[in-house]
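See below for the structure under consideration.
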Amino acid sequence: MHITLVRYQQGFSLVESLAAVVVSAVMLSALLAMQHSLSQGMQVQRDFLLLGRFASQQVGIVAPALPEGWFVSRTRREEGACVSIQVMLVSPGGRQGELSRLHCPLAR
């Protein structure tokens with residue numbers, strides 16, 4: 001009578017486990033780098049949109065106050081019956097923008 005013992009392998013080997021850990025670490029670091037890049041891009045876009053909004057508010061005859069950290073330089077010139085207002089804004093992050101507007105009274 002011949003008896004054969006069959007041994008079944010269960011679980012993962014040490015090499016397979018280490019390979020899985022390394023692949024997981026590389027994937028996680030890539031995802032974190034992508035999230036950081038997206039976050040910076042969103043911040044740049046937010047600053048750009050705020051710069052445009054605040055510049056359009058500042059070229060009015062009466063300009064509202066800006067949030068803390070923003071710098072504005074306004075130049076006002078009389079050109080005949082019209083008033084030219086030019087503003088230069090600097091965001092807290094250092095992004096700069098410039099906008100000008102000509103205000104003329106309505107002719108009747």
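FYI, it's all coordinate maths here, none of it is from the lab. Bear in mind that the values here come from a model prediction, so they are computed numbers and not experimental data. Using ideal geometry, Cβ is built from the backbone for each residue, glycine included, and neighbour counts are taken over all protein chains shown.
Among the residues of segment 18-43, what is the count of those that are without any contact (Cβ under 8 Å) to a residue 12 or more places away in the chain and surrounded by 11 or more Cβ atoms within 10 Å (Cβ to Cβ)?
Qualifying residue count, segment 18-43: 3.
Answer with yes or no whether Gly11 is free of Cβ contacts under 8 Å to residues at least 24 places away in the same chain and on the phi > 0 side of the Ramachandran plot.
Considered against the rule, which asks whether it is free of Cβ contacts under 8 Å to residues at least 24 places away in the same chain and on the phi > 0 side of the Ramachandran plot, Gly11 comes out as yes.
For segment 55-90, enumerate the residues that are closer than 18 Å to Cys104 by Cβ and surrounded by fewer than 11 Cβ atoms within 10 Å (Cβ to Cβ).
Within segment 55-90, Ile61, Val62, Thr75, Glu78, Glu79, Gly80, Ala81 meet the criteria.
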